[in-house]
Amino acid sequence: MVTIADGRFSLPDNLLYTKNQHVYLNNDKKTLGLDEIGYAFLHNPNELKILVEDEVKIGIPFAAITTDSGMTTLNSPCSGKIKQLNPNALASMKDHTYETGFIIELEEITEVQPNLVTGSELQEWGNNEVKTLVRNNYSFKIIEIGDSAVGKTAIKVRFTDNYFKKDLKTTLGVDFGSKEIKGEYISSDILFSGTYRFTAKMNVWDAAGQAMYDKIRGMYYRDAKGALMCYDVHNHLSFEHLEKWREELEESLGKVPVLLVGNKIDLERKVTRQEGLAYAMKHNYLFVECSAKTGEGVDDMFKQLAVEIFKREEKLE
């Protein structure tokens, strides 16, 4: 028996497994089913339909499983005559995957697909598959930096709680909030035909901007995956101070995905959009203007940053 992810998943080493669909074949019991990792990939399947009656054939779908997000079909890794169908397999699939959770029992097996995974190959294959399974769920620490009173706390509150309070007090030390978002990335690689979808918990750390906190603020940068560098479009001095914040950020974290944020576009401008965009392009930052007061641009900018961090984490570009 091979155990994966600290015992979360089990793969009996006497079974044969298809590399992509996680269909298992038990040669001794002559059963076909879905292994524990494959079941986890489906995220709570709710309906099973068996598509064959008398026989299975290599590479031909033998069952379809429906989930809240769609349907997947399972292809047979062997050919043979069917002894019995198990239409109630879903009820046992999670906890008794390899005993009563089988989908089909065969009377005889006449041919087996080559290159199935088994034996000594299982550990490495299973570990790689679990990495793919957990890849869709992330937790990203995001640091907000910028001068005091540019609206960092208001941005965080608008994002996490979707409200605006005019008289928010100046942050003392650090503030924190989080929100889960759905992200989507379509690769620019012309050979890639799919879309990466993921869920990310955005843990937003709002560090105090006053000079008196300079010495302790560095600790809040630790382990951050990305940053919002914020200025106030109504306050040109906050824009002029961006260099100081950039230097502090790079000294603490090196190069990480950064979104340059021009806040308070609901007020009279003292910083043009062109100035902000030019600064972002110079340092290869993402750029957005927003209003924490109205909510304009806030959700979209966190999604943009999440995608950039996701790409970096998965080395997609």
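Read-outs: derived from the displayed coordinates by stated rules, not from any lab. Since this is a predicted model, take the numbers as computed values, not measurements. Quick reminder, even Gly has a Cβ in these numbers, built from the backbone with ideal geometry, and neighbours come from all protein chains shown.
Excluding GLY80 itself, what net charge comes from residues whose Cβ is under 11 Å from its Cβ, given Lys and Arg +1 and Asp and Glu -1?
Around GLY80, the surrounding residues sum to -2.
If you take every DSSP beta bridge whose two residues both sit in the chain, what share of them, in percent to the nearest 5, is antiparallel?
65
Roughly what percent of Cα-Cα pairs across the chain reach past 34 Å? Display every interim value, and only then the final one.
Working: 21246 of 50086 pairs.
Here the long-distance tail beyond 34 Å is 42 percent of all Cα pairs in the chain.
State, as an integer percentage, the relative contact order of the chain based on alpha-carbon contacts under 8 Å between residues 6 or more apart.
Computed over the chain, the figure is 14 percent.
Considering only GLN274, ASN162, GLY59, whose Cα is most displaced toward the positive end of the charge dipole of the chain, charges sitting on Cβ of Lys, Arg (+1) and Asp, Glu (-1)?
Of GLN274, ASN162, GLY59, it is GLN274.
Mind checking the dipole of the range 230-317: about its Cα centre, +1 per Lys or Arg Cβ, -1 per Asp or Glu Cβ, Debye to the nearest 20?
Once rounded to the nearest 20, the dipole reads 120 debye.
Projected onto the charge dipole of the chain (+1 at Lys/Arg Cβ, -1 at Asp/Glu Cβ, origin at the Cα centre), which of ILE145, HIS236, ALA89 gives the Cα projection farthest towards the positive end?
Of ILE145, HIS236, ALA89, it is HIS236.
Helix hunt in the chain: which complete DSSP H runs extend at least 15 Å axially by C-alpha with mean Kyte-Doolittle at least -1.0? The partial results should precede the final answer.
Values: long enough: 122-134 (18 Å, -0.57); 242-253 (16 Å, -1.35); 298-313 (23 Å, -0.24).
Length and hydropathy pass: 122-134, 298-313.
Is the shape of the range 11-141 rounded, prolate or oblate, going by the alpha carbon gyration tensor and its root eigenvalues a ≥ b ≥ c, with a/c under 1.5 for rounded and a/b larger than b/c for prolate?
Note, shape of the range 11-141 comes out oblate.
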